[in-house]
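Read the structure below first, then the notes.
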Amino acid sequence: MATGGGTERGKEWPGEARTWRDQKTGRTIRQVTTHPSQNHHPFFFVPAYDRACQRLFFVSHRTGRPQVFFEELASGRLVQATDRDDLAEWSLSPALDGSAIYYVAGAGAYRLDLTTFEERQLADFGTADIRAEGMVGAAMGTTALSASARYWAIPVKTGAITRFVMVDTERSTSDVFLERNEIGHPQFCPDDEDLILYAGPMTDRIWVTDRSGRRSQRLYTRESKDQWVTHESWLPGRRSVLFVDWPQGMRMVDVGTEKVSWVTRFPAWHAAADDAGSRIVCDTMNPDIGLHVLPVAETDTSDPQFLHASAASSVGEHWKGPFPYNSGPIKVYAPQHTHPHPRFSPDGRRVVFTSDRTGEAQVYEVLLDADGN
């Protein structure tokens, strides 16, 4: 059944886009949002576009509360999709076919049809919370939608335990399939809907499981207490997981063989591959030397290509020192809307990122040419 008031669902807003040329690279930069409020696209491993690149999804605080919006790329108009007072803004997962968006609000999981703007509740978590304390990792409340949108995996915090809930979006059923002390940043494998990547504690990050939860597998073990493993994501087409070995570079690990190889010694921060699995786009931090694109290779000789200077503030003092979590969780101040989180569009012709360069976080694109350069 549909829930909530939703009087503003489907409301149209005037387009806000403006473009200019990057003086250093000559590329066209497009500012998607200009409203004097906080605006950001989904997290770096969550699609910001539908597969056909007809819509660009983002979260805006312009109504006084976070709501999901999208820009129609053909017309430039903005459309408000949600109208909630309890949206978990980083839980957003758009369906790749463009039919719907999925998100958590309050203690419920919802699907919103993008044609009718009908909101339907798919799961009820009772008094549980999808977010842990804090603002990073599991505390962000990110969720995972499979490529077909049939399955939706949601970590739900209940006391000291995190329950991994699997929602069958066709049947509107939900079941707990795995319990761990910490489950964060879940991601379905783009090539296998029975394979899910998730992050454990900061000292033991990279795990995969099947949908039954019976085959939970540690994929990588830290090599020393000084090693900072973070920002894992899938490499499409290879059943491999990319991860940042901060600030040494990036590695990847094969799910079947657990073979680990270096991808680059470039100090990538948030990094994600394109849909072809051939290129990676990343931001940088400490120092911020801009957004870069680099080829995927099982060597550390990749030559990064400068893309654009995001000029984001990238707040997070803990990133400036050694690995800080060996003695357990710590409180950090790292508002995620201040981080660029770059991601390719499905057609490889755009890179979306967020920057607070103007004082408020806004959504931007770098437009690439027909060859993706």
Exactly one of 40, 35 is in contact with a strand residue (DSSP E or B) (Cβ under 6 Å, 6 or more places away or on another chain) and over 19 Å from residue 113 (Cα atoms), and that residue is 40
Determine if the stretch 5-15 includes at least one residue that is more than 28 Å from residue 369 (Cβ to Cβ), assigned to a strand (DSSP E or B) and among the hydrophobic types (A, V, I, L, M, F, W, C). yes
Looking only at the stretch 169-192, which residues are over 13 Å from residue 156 (Cβ atoms), assigned to a strand (DSSP E or B) and within 22 Å of the chain's Cα centre (by Cα)? 185, 187, 188, 189, 192
Look through the stretch 291-306, keep the residues that are more than 20 Å from the chain's Cα centre (by Cα) and assigned to a strand (DSSP E or B), and return whichever of them is surrounded by the fewest Cβ atoms within 10 Å (Cβ to Cβ). 301
When you go through (1) closer than 26 Å to residue 339 by Cα; (2) under 21 Å from the mean Cα position of the chain (by Cα); (3) polar (S, T, N, Q) one by one for residue 227, which number turns out not to apply? (2)
Please enumerate the residues belonging to the stretch 58-83 that are outside any loop (DSSP other than H, G, I, E, B), among the charged types (D, E, K, R) and under 20 Å from residue 355 (Cβ atoms). 71
Residues in the stretch 343-357: is at least one hydroxyl-bearing (Ser, Thr, Tyr) and farther than 19 Å from residue 47 by Cα? no
Options 132, 149, 139; residue that is surrounded by fewer than 23 Cβ atoms within 10 Å (Cβ to Cβ), modelled with pLDDT under 95 and more than 15 Å from the chain's Cα centre (by Cα): 132
Return yes or no: is residue 173 modelled with pLDDT of 95 or more, touching a Lys or Arg at 6+ places or on another chain (Cβ under 9 Å) and either over 23 Å from residue 272 (Cβ atoms) or among the polar types (S, T, N, Q) (or both)? no
Under 6 Å between Cβ atoms, which residue pairs at least 6 apart in sequence (or on different chains) link something in the stretch 143-158 that is in contact (Cβ under 8 Å) with a residue 60 or more places away in the chain with a partner that is not in a strand (DSSP E or B)? 154/143
Only one residue in 332, 351 is touching a residue at least 60 places away in the same chain (Cβ under 8 Å) and not in a loop (DSSP other than H, G, I, E, B). Which one? 351
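The values are calculated or read from the model by the stated rules, or taken from the named source; none is laboratory data. None of the values given here were measured: they were computed from a predicted structure. Please note: Cβ atoms are built from the backbone with ideal geometry, for glycine as well, and neighbour counts cover all protein chains shown.
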